[in-house]
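Have a look at the structure below, then the notes.
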Amino acid sequence: MSSFSDLAETFLKEEFAESPVLASSLGLTEYDEMLDDLSADAFRRHEERSSAWLKRFSAVPNETLTPAERIDRDFASSILRGRELNAPQRSWQKQPATYLNPGLQGVFSLFLHKLRPEKDLADAARARLAEVPRTLRQGMDNLDFTIVPKIYVDRAIGQARAAAKYARELVPQEVLDPATREQLAAVGGEAGDAFDAFGAFLLQKKDKASGDYAVGEDLYTALLKEKELLAYDARSLRERGREQYDLLAAELRRLAREIANTDDWVGLLDKLNKIHAPTPEAMRDEYAEWTERARSFLRDTGLVTLPKGERCTVEPSPPFQRPILAVASYNRPPAFSDSLSGHFFVPYPPDNTSAEEIQKRLEGNCSAGIPTTAVHEAYPGDHWHLVMAHFNPSKLRQIFSTPYFSEGWALYAERVMREQGFFTDPKHQLYQYEATIFRAARIIVDTSLHLGEMTFDEAVRFMVEKGNLTEPNARAEVGRYCSWPTQASAYLTGMLEIVDVRTRWLAKKGSADVAALREFHDTLTSSGAMPTSLAERALAS
């Protein structure tokens, strides 16, 4: 290769060829009609290719690279090392959701971003829906139920049921032309049948699912050190989570005394949880109001730069996510498009949820807690950060990310807004601290689950008692931790790392006023969402 940029470009072209769904989610519309190959041979080729590329990137010498390219090389190597570490887990034989997500996200993202005319989008959606039966058959062939954990099966069954309705009923509603809608309904019906068949297959095999979700101490530690480039091992990270929990509990006691003259912050939160919007639609309205308030605060204070043309819409969560995700989420603008429009999804309950459980879920989105979540997901959290990252010239940084930066940044956003006076009501401050102690509880639970020192039911009980979650939300949360090891630890860990980076940077600047903070925020987020040690190198370059 004549240069590092040529090397990176070749690597990315192979990535896009392997995953057309990834490519089109980034705004590369030429991939829109294709769906990923999920055959066993394709997964084996992916592992071999990733290992070969790790060697190629690692072999590039420093003296041939600019400082920015050295960071890009090390970032690519960390991503590929993570793949290499995870390969023995055989997730393509272990995780049923592997076969649901491409067909769902591959169609959903087409209509979410609307980068092409309606007819072209409908044609692409039809092409992808037509491939859904093939990808689900590949899943039936590949899954090895001796290593599939039962919790993975339960989550996938719920998702498959929601997916069938999405394909049959909701996708056709995305287009206005009656003839096009009819064509989508026909292929959507076939995809819906395939989703139903996959759900029935999982239900039939459920009793044979005997795998363990715990990845073990060695792998968890290796992922922290070699993928996330952190100094912690799994046990020291858990101890840090416990220490932070105790520190945050002291702050919560202080605020509980200020609000209600009690040390019982858990009981106070339980009372405040009961004060919430009466319906999911009214909850969405509250989220929208606080999202705009947060944006106005940033505009008025100058804490960050708001790029011209950015916007963040507040919408109900996608129907196929509702059975497996009980919290808010965010979908960024496509990296390789001109769009700066992001989508903040608020957690709606799945279809056929009982009225009693809907109220329980609304308790998890109470009125006093919504301001913090709006900051986290939108301003200056995920949305603002990823809009800033949109302008980075490195394609590697446009495509790849780690939650240890992105989710760490979103939790840092909550903290800096508290520091700057956005949360004027002590009840709102209480929930910002609660959101942080919840992330400390996540560290404790995630590490303990994957060290094999906490059962699923013990983890649910811990998150109810220590994480201020209702039981339905706690079960959804713990199921997520089982499926995505190390991710739940990313929020508070990343936030603390970013605070340390800020402390060092402001000390060098000799100032901590709003102008210095704005420069720090703008520069750091514009570097992308790399491991925090690489982001600090980018900040200094």
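All of the numbers you see were taken from the coordinates with simple rules; none came from a lab. As the structure is a prediction and not an experimental result, all values here were calculated from the model. For neighbour counting, all protein chains shown are included, and Cβ atoms are generated from backbone atoms with ideal geometry for every residue, glycine included.
Roughly how big is the chain's charge dipole about its Cα centre, with Cβ charges of +1 (Lys, Arg) and -1 (Asp, Glu), in debye to the nearest 20? Write down the numbers at each step before the final one.
Working: 66 positive and 80 negative charges, 111 e Å.
Roughly 540 debye for the chain.
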Query raised in the report: Can you list residues whose amide H is under 5 Å from Arg311's amide H, if they're 5+ apart or on another chain and H is modeled 1.01 Å from N?
Result: Ser341, Gly342
Report summary line: Any aspartates and glutamates whose Cα falls less than 18 Å from that of Lys114, other than same-chain ones fewer than 8 residues away, would be Glu30, Asp32, Glu33, Asp123, Glu174, Asp177, Glu310, Glu315, Asp338
Query raised in the report: Quick one: Karplus J couplings for region 50-61, per residue in order, coefficients 6.51, -1.76, 1.60, θ = phi - 60°, nearest Hz, x for Gly and Pro?
Result: 5, 5, 5, 5, 4, 5, 5, 5, 5, 7, 6, x
Query raised in the report: Given the C-alpha centroids of region 176-201 and region 443-520, what is the distance between them in whole angstrom?
Result: 39
Requested in this report: Would you mind ranking Ile444, Ile151 by Cβ crowding within 10 Å, fewest neighbours first?
Outcome: Ile151, Ile444
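Does region 146-254 classify as rounded, prolate or oblate by the C-alpha gyration tensor (a ≥ b ≥ c root eigenvalues; a/c under 1.5 gives rounded; else a/b over b/c gives prolate, otherwise oblate)?
Judged from the Cα gyration tensor, region 146-254 comes out prolate (a/c at least 1.5, a/b above b/c).
With a ≥ b ≥ c taken as the square roots of the eigenvalues of the C-alpha gyration tensor of region 274-375, please select rounded if a/c is under 1.5 and otherwise prolate if a/b is larger than b/c or oblate if it is not? Intermediate results must be reported in sequence, preceding the final value.
Details: a/c = 3.18, a/b = 1.53, b/c = 2.07.
It comes out oblate by the Cα gyration axes.
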Query raised in the report: If one computes the Cα centroid of region 48-86 and of region 303-360, what distance in Å separates the two points?
Result: 33
Requested in this report: Please give every one of the lysines within straight-line cross-link reach of Lys395, meaning a C-alpha to C-alpha distance under 16 Å, and leave out same-chain neighbours fewer than 8 residues apart.
Outcome: Lys13
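If you filter region 119-216 for chymotrypsin sites (Phe, Trp or Tyr not before Pro), then keep DSSP loop positions with at most 15 other Cβ within 10 Å, what is left? Display every interim value, and only then the final one.
Numbers: sites: Phe145, Tyr152, Tyr166, Phe195, Phe198, Phe201, Tyr213; in loops: Phe145, Tyr213.
Answer in residue order: no site qualifies.
Given the -39500 (n - 2.57) contribution per DSSP H run of 4+ residues, what per-residue ellipticity at 222 nm results for the chain, rounded to the nearest 500 deg cm²/dmol? Could you put the intermediate results ahead of the total?
Working: 24 runs with 348 residues, N = 541.
One gets -21000 deg cm²/dmol as the mean residue ellipticity at 222 nm.
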Report summary line: Per-residue Cβ contact counts at 10 Å, fewest first, order Asp263, Asp351, Asp233, Asp72 as Asp351, Asp263, Asp233, Asp72
Query raised in the report: What whole number of Å gives the distance from the Cα centroid of region 387-437 to the Cα centroid of region 257-276?
Result: 25
Query - Rounded if a/c under 1.5, otherwise prolate or oblate - region 477-530, Cα gyration tensor axes - result: prolate
Report summary line: Over 20 Å (Cα to Cα) among Lys150/Lys227; Lys94/Lys360; Lys150/Lys208; Lys205/Lys360; Lys165/Lys206; Lys94/Lys206 -> Lys150/Lys227; Lys94/Lys360; Lys205/Lys360; Lys165/Lys206
Query raised in the report: Tell me, what ³J(HN,Hα) does each residue in region 301-306 have, in order and in whole Hz, if you take phi through Karplus 6.51 cos²θ - 1.76 cosθ + 1.60 with θ = phi - 60° and put x for Gly and Pro?
Result: 8, x, 5, 9, 8, 9
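Suppose we take every Cα in region 4-208 and form the convex hull; what volume per residue is that in Å³?
Values: hull volume 23.3 nm³, N = 205.
Expressed per residue, the convex hull around the Cα atoms of region 4-208 is 114 Å³.
Using the 10 angstrom Cβ neighbour count as an exposure proxy, how do Val499, Val215, Val171, Val60 rank, fewest first? Don't jump to the answer; show the numbers that get you there.
On the way: Val499 14, Val215 22, Val171 26, Val60 18.
The most exposed by this proxy come first: Val499, Val60, Val215, Val171.
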Query raised in the report: Can you give the relative contact order of region 215-343 as a percent, counting alpha carbon pairs under 8 Å and 6+ residues apart?
Result: 12
**Report entry** Listed candidates (1) 1.00; (2) 1.64; (3) 0.95 - label of the one calculated as Cα Rg over 2.2 N^0.38 Å
**Finding:** (3)
Report summary line: Which residues qualify? For Ser317, with a placed amide H closer than 5 Å and at least 5 residues away or on another chain, they are Val346, Tyr348
